[in-house]
1. For the residue pair residue 180 and residue 230, what label-to-label distance in nm results when each label sits 7 Å from Cα along the Cα-to-beta-carbon direction?
2. On full extension of the chain, what length is gained from residue 482 through residue 346, given 0.36 nm per residue of separation minus the C-alpha to C-alpha distance?
3. To the nearest 0.05, how large is the calculated FRET efficiency for residue 425 and residue 471 if R₀ is 22 Å and r is the Cβ-Cβ distance?
4. Once R0 is set to 60 Å, what does the formula 1/(1 + (r/R0)^6) return for the Cβ-Cβ distance between residue 372 and residue 221, expressed as a FRET efficiency to the nearest 0.05?
5. Restricting attention to the alpha-carbon atoms of the stretch 270-382, what are Rg (one decimal) and Dmax (integer), both in Å?
6. Any idea what the dipole of the stretch 389-481 comes to, in debye rounded to 20, about its Cα centre with Lys/Arg Cβ at +1 and Asp/Glu Cβ at -1?
7. Within the stretch 270-382, what percent of beta bridges assigned by DSSP are antiparallel, to the nearest 5?
8. What FRET efficiency do you get for residue 381 and residue 246 if R0 is 60 Å and r is their Cβ-Cβ distance, rounded to the nearest 0.05?
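We did not get these values from a lab; they are worked out from the coordinates using the rules stated. Keep in mind it's a predicted model, so treat the numbers as computed, not measured. All Cβ positions, glycine included, derive from the backbone under ideal geometry; neighbour counts span all protein chains shown.
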Amino acid sequence: MQLMNLNNASNPLRILIASSHPLFAQGIRSLLQKRPEMDTEVIGMVSTIDEALDVLKKLEPDLVIVDYDDDQVNREEFLARFVEGEGRLRVVLFSLKEGGDQAIVYDRRTMAASQIEEWLEGWSHGDEKPRKIPDKPDLEQSTPKRRDGMKHIIVAALLVIVLMAGSYFLLSNTQLLPEQASAQALPIDELFQFDFTAIAVLFSLIIGLMVYSIIVFRQRKGDDADGPHIEGNSRLEVLWTLAPLAFVLFLAYYGSAVLGETMAADPKPLRVDVIGSQWSWRFEYPDYGIISTEMVLPVDKQALLNISSTDVIHSFWVPEFRVKQDALPGDGFERELRVTPIEVGEYKVRCAELCGRSHYDMLAPVRVLSQSDFDAWLQSQTGPVSEDPVERGAVFAQQYGCLACHSIDGSELVGPTWLGVVGSTVMLEDGTSVVADRDYLYKSIREPGAQIVAGYQNPMPASVAMEMSDEQIDDVIAYIESLK
Ligand code: HEC
Ligand SMILES: [Cu+2]
């Protein structure tokens, strides 16, 4: 029993017992009597703290034993009065619960575990010979606990390492991205791989430790004890603030370095204007006077894309090139993007910004050719324009994206089909009708809002034909007339 060690060898230890249960005091007293070698004397038994305070001066006990399990005696007040200061008086909170052999010498609800050592030390201070407390219950319990702690750390660390290896393996073997077809893809993928590694590490660390704690330290049935009182750990807190901060700063640095690399400009790029409209792409080569519905690029030469939109926000994205850029409507909102294809092949432009009904279908072919094939393509595009207005009209209808909304085979898209429209009677939204002649068609293209075909909630966007000349529109009308 630990009280022995608190005793001074020359005088008996004078003890006052505070409990509202007479059995508690009698039990302690008979326990002490059975151990005469402890040299103690119970000098009084009180049932409330007020009583105890009354007799304290009179009896001058060396030690007060308080019934820890007794709600009548206010142990908080006791601690408050006597634990701090008050000279040589010692207070022991004593619990007879849980087998009756455990003395609780402090109330962990009001005192941190780390403070108990100081408290006990304070007790032995007033004596000439500082006493050792070899079988302090705190020590007894904490040694196996510390060994347990080591075990937890090792098992949890193993779990985290296995998780890390697994998630890293999974992440690096998942084919999330298609082949690398541009010079810009290389640094981007390196960054991506680095992120994957960081994700694997952080995921495993957080989830691993969390799952381990949830399972191993869960509340068992019938255990309603309080958890340990923890004050904090400055070293740990500084560490877990500074480490993520440093990591995030490094990511910012690394990310901007990669961004810089993808924007690095070659002195003589191939200029291509990329124009998105609902729901088609148009590619113009200002240096060659070419307008195309497919994007054709020479390999190993940087293309400087000047990206814009005629209506809503679209986004130019060729996954194999990795880089992506919004296409914004309005003058002065053009955006630049640099792509240096490194693989001859065929790819697809996708719109990466939800832009309406046929967004999913806003695709355009991309062909990367060798320089000689590209030159041949330039030749074919800049060759003499067809003499036939119908043929020219078919090309314009394609280039200006009309066919994204109008079919030529009678099927319904967003707009009415062009098949057989010429000469037919068109019912309009306002209830009137009109025979579709050249004037009507021309007006429908130039001022789509003026006469809206019945059954179509949204008029055709006026922007689609804005950049077309009257001659081009004449050709398109000739083309529509040919569709019978
Ligand atoms: C974003 C979809 C869209 C695009 C792109 C589009 N149109 Fe339309 N168009 C419509 C809709 C919807 C209507 C029916 C409502 C209306 O009359 O405005 C229509 C109506 C028309 C009509 C009247 C047809 C009829 O049956 O009476 C003509 C002609 C026409 N469009 C020509 C064109 C031409 C030429 C282009 C390309 C320069 C084009 N459209 C591009 C959506 C589109
Ligand atoms: Cu789009």
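1. About 4.3 nm, to one decimal.
2. 45.7 nm
3. 0.20
4. Once rounded, the FRET efficiency stands at 0.15.
5. 13.3, 39
6. 120
7. 65
8. Values: r = 54 Å, r/R0 = 0.89.
Efficiency computed from Cβ-Cβ geometry: 0.65.
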